[in-house]
Structure formats: structure tokens, C-alpha cells
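Each remark here refers to the structure printed beneath this line.
The values are calculated or read from the model by the stated rules, or taken from the named source; none is laboratory data. These figures come from a predicted structure and were not determined experimentally. All Cβ positions, glycine included, derive from the backbone under ideal geometry; neighbour counts span all protein chains shown.
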Amino acid sequence: MNRIVRKILMLLLPVIALAFTGCAGMEFAPKRAVWYYPSELPAADRAIAKARAEGKDKECPKEFNAAVKMRDDAYDVYLSCKTKEGIEMAKKAADMAGCLCPKPPAPVATPAPAPTPTPAPVVEKEVAVIRIVNFDFDKYNIKKVFKPELDMAAEIIKKYPNPDITIDGYCDNKGTLKYNQRLSVRRAEAAKAALVKNGIDANKIKTVGHSYNDPIADNKTEAGRAKNRRAEIHIIGK
């Protein structure tokens, strides 16, 4: 009975929302007996369809399937009345689909023989930035919802013979600079431990804590602070 009531509510919620707010933020995309969804969910569908059309499902199936699962989970979470969480997961699914199968840099050509040959410079290029957001307040454990992103980061790293990996940890502005510095380091170290568990050499990973510096959102709101509680994985391919 509860499942039936919940299904009816999910059918009615978009209609009620449209009655009060018009079509802003909602998109007509019939699926699972619901007509309207927040635009982020069908956007994730389109991103995955585009990746499939480009052959990414065959080129890197593991990462592609992770993006598909994240999209499907986003719909499940949204339909369980967790609108905000479902939208965030849909955004992540679209991001994952958009950076599938990065191409390794072309090998540096060997210079022609010369009396005093000059070795070609090492080409360094940042090939990916994986952002893990939404640590709980005063916590540094990685949530299960971000495991697909960490798996994808590990797969990208493994494509390069000698990558430079830096993990930056960040906090919101609650608490002292000194306390948040320690917490930001722990968040970076937690992401590092997840990569090591995925087979990445710990000696190749550098971690840096930034306390509450370099926010990406407004620390005056709870939503902004949640986005600032994050870790970022920067991968430099050589």
C-alpha cells in the first residue's frame, strides 16, 4: 500500500509543482509512469546516449556502465522522494558520461641525431579533475555514492605510465583555520586510501589540505558549505 501511495504522490508532485512554478526546471520526459522530471535527469539520459553513439560503451565499458548505474540510481533516488539527492546524482552521471575514455597524449617524437642532441621536453597535461563533494559536516569518510567516481579516477590513472596525482582536501568555513586544516588533510587522505585500494601506487599520490580556503560556493548558505566540503583529484599525464 505504501508503495502505491508513494507512486501516486510521484505522479502528482510534478503536476502540483508545475501549477505553482510553471515549467521552470522541469522537463517533459515520460519515464517510469512519470511525465515531468527536473531537467538534470533527462540531461543525464542525453549524455549517456551521446556517449553510446560515440562508441564509448565498447571503448571503455566499465566506466560507461558506472555512468549508466549512477543515472539509474538517480532516478531511483528521485522517485523515492529524495529530489535533491537524485538531482545531484544525475549531474554526476552526466559528468561521468562526458569524460569517458580520455585519450592518452601522443608519444613524444625522438629527435633526429645531432652532435649535441637536445632531449624533447616532457609534455605534461592535466587530463582529468575528479571532484568528490558533499562530505558530511566535520567528517572525512567517503560516501558510497562517490565510489563510481573513485573507480573511474583509478581507471584513468592506470592509462598513464607515470602520472602525477594530487588530491586536494577542502572544508567549509565553520570552525578555526587550524582545525579545518587537519580535517581537509584527512579528507584528501581518505580519497587517497580509496585509490590505493583500487590498485594505485600510494607513492604516486600527493595530498594537500587547504582548510576553508578556495571555496567553490557561498559559505553563507548550507548548500554552499556542503559543496565546499570536498576533495579534488588532479591527474597529470606524462
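General remarks:
- Given (1) modelled with pLDDT under 90; (2) farther than 25 Å from ASP73 by Cβ; (3) of a type in the set (Gly, Ala, Ser), index of the condition ALA154 fails: (2)
- In summary, ASN203 fulfils each of the numbered conditions (1) modelled with pLDDT of 90 or more; (2) buried (at least 16 other Cβ atoms within 10 Å of the Cβ) with the single exception of condition (2).
- Qualifying residue in the range 53-75 (condition: modelled with pLDDT of 90 or more and either β-branched (Val, Ile, Thr) or in contact with a strand residue (DSSP E or B) (Cβ under 6 Å, 6 or more places away or on another chain) (or both)): yes
- When residues of the range 157-166 are limited to those that are at pLDDT below 90 and not polar (S, T, N, Q), the one surrounded by the fewest Cβ atoms within 10 Å (Cβ to Cβ): PRO161
- Residues being under 17 Å from ASP136 (Cα atoms) and either in contact with a helix residue (DSSP H, G or I) (Cβ under 7 Å, 6 or more places away or on another chain) or surrounded by 15 or more Cβ atoms within 10 Å (Cβ to Cβ) (or both) - total across the range 211-237: 16
- Residue, farthest from TYR212 (Cα to Cα), within the range 167-185, restricted to residues that are charged (D, E, K, R) and surrounded by 18 or more Cβ atoms within 10 Å (Cβ to Cβ): ASP168
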